[in-house]
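Here the structure comes first, spelled out in structure tokens, and everything after it is commentary.
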Amino acid sequence: MSPPSYAILGTGSYAPARIMTNEDLSKVVDTSDEWIFSRTGIKERHIAADDELTSDMATAAAEKALADAKVTPDQIDICIVATLTPDLPMPSTACIVQAKLGLRHDVACFDQHAACSGFIYALDTAWALLQSGRYRHALVIGAEKISTVLDWSDRTTCVLFGDAAGAVVLGPSPEGSTAEIIGAKLYSEGGNTELLCIPGGGAAYPVPGPGDPPKFMQMKGREIFKFAVREMEDAAQDILEQHQIHPDEVNCVIPHQANLRIIDSLAKFLKLPEDRFFVNLERYGNTSAASIPLAIDEARRSGRLPNGSISLFVAFGAGLTYGSALVRW
Ligand code: ACO
């Protein structure tokens, strides 16, 4: 008997109630709606309340994904939270989510840190663990309260990001069902820390003092842009070739929602029309590890992922990490 294949059984997402528009931001830093929208495609983003943590958003998205999958919390064997903004340095946010959801105690719970590629990393990890045959159901969550690591006086970074969470439930494909993961591939080009990092708050500068680097995100936007274009193209091309799928067979590309110009260049590279891409960054900005699962959930709920269609997920992030995955719905 061949081992079961694994499918996305359900999806869910959550965004905080507070919306911050480009207009609102122009009262915080020297920027404008015209600059932000024309350079990125972003119009607004959600910002979590002070008492709303990454684990709260992760739990809300996970509850929706579980309900959608018709899987109960006690059926979950693995819980991975992809995040660069954990509630605390220790314990993992996955353990906090475990308690909030009431998962069993014999569940593997851990965080995955690959910045904006985190969800693809977590998806591939969960998929590999399921294929080991030792687990049946996995909860894969991407969640970020990225507003807490932004320097709100730095217009080159604070205009780009937002808070949110997205989740999927993976499990054995029911007879005749679709949404199977066809493949996934992960990459990293380490040694590029200075291009995108949060220098303070780790072991190097635990409590940044005067003259030390701060606990906020720093980014060389132009360099990251060039890397992002190349990495997204490489990751997309590689996985399509590996599975002998022509770009034209991909019905919906769900890219990391960082910048519309990066997405447009991927569309040109793949020679696909823009309407094959699911884009929601105008309403959320870059939500880092939450970006792809949030987009998957919205794409599914808006009917963009019909049974039998093929989706390509492709992401890049700090590290520099990148990765891709293919799903047949
Ligand atoms: N409002 C107004 N002006 C601004 C702003 C702003 N918010 N930010 C920068 N500028 C100014 C700059 O100071 C510069 O002015 P100057 O020419 O007088 O020096 C000018 O605008 C152009 O700046 P550039 O950085 O060249 O602008 P660019 O067209 O490259 O766009 C951007 C900047 C949007 C950041 C782009 O480079 C980008 O999207 N890069 C990729 C970033 C990204 O995706 N990061 C996420 C990584 S994922 C993760 O893991 C977190």
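The values are calculated or read from the model by the stated rules, or taken from the named source; none is laboratory data. Bear in mind the structure is a predicted one, so any value in this text is a computation, not a measurement. Positions of Cβ are generated from backbone atoms using ideal geometry, with glycine treated the same way; all protein chains shown enter the neighbour counts. Just the protein is used for accessible areas: all its heavy atoms, side chains included, with ligands, DNA and RNA removed. Shrake-Rupley method; radii C 1.70, N 1.55, O 1.52, S 1.80 Å.
Worth a mention:
- Residue among ILE36, ILE42 that alone is part of a loop (DSSP other than H, G, I, E, B), in the same structural domain as ARG136 (by TED's automatic domain parsing), within 16 Å of the ligand (Cβ to nearest atom) and not basic (Lys, Arg): ILE42
- If you filter the stretch 283-293 down to residues that are within 14 Å of the ligand (Cβ to nearest atom) and part of a helix (DSSP H, G or I), you find that the one that is surrounded by the fewest Cβ atoms within 10 Å (Cβ to Cβ) is TYR284.
- Boolean, SER265 is among the hydroxyl-bearing types (Ser, Thr, Tyr), within 11 Å of the ligand (Cβ to nearest atom) and in a helix (DSSP H, G or I): no
- Strands (runs of 3 or more DSSP E) wholly inside the stretch 112-209 that include at least 1 residues being among the aromatic types (Phe, Trp, Tyr) and either open to solvent by 10 Å² or more (accessible area, probe 1.4 Å) or at pLDDT 95 or above (or both): 180-188
- Close pairs (8 angstrom Cβ cut-off, 6 or more residues apart or separate chains): basic (Lys, Arg) in the stretch 212-225, open to solvent by 70 Å² or more (accessible area, probe 1.4 Å) and away from the ligand (no atom under 11 Å from the Cβ) anywhere: LYS220/GLU194
Yes or no, residue by residue, for (1) more than 13 Å from the ligand (Cβ to nearest atom); (2) touching a strand residue (DSSP E or B) at 6+ places or on another chain (Cβ under 6 Å):
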residue	(1), (2)
GLY142	no, yes
SER153	no, no
THR156	no, no
GLY166	yes, yes
GLY171	yes, yes
PRO174	yes, no
GLU180	yes, yes
LYS185	yes, yes
GLU194	yes, no
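- Cβ-Cβ distances below 6 Å connect the following pairs, each with a first residue in the stretch 120-134 that is touching a residue at least 60 places away in the same chain (Cβ under 8 Å), a second residue that is open to solvent by 50 Å² or more (accessible area, probe 1.4 Å), and a separation of six or more residues or different chains: TYR121/LEU186; ASP124/LEU186.
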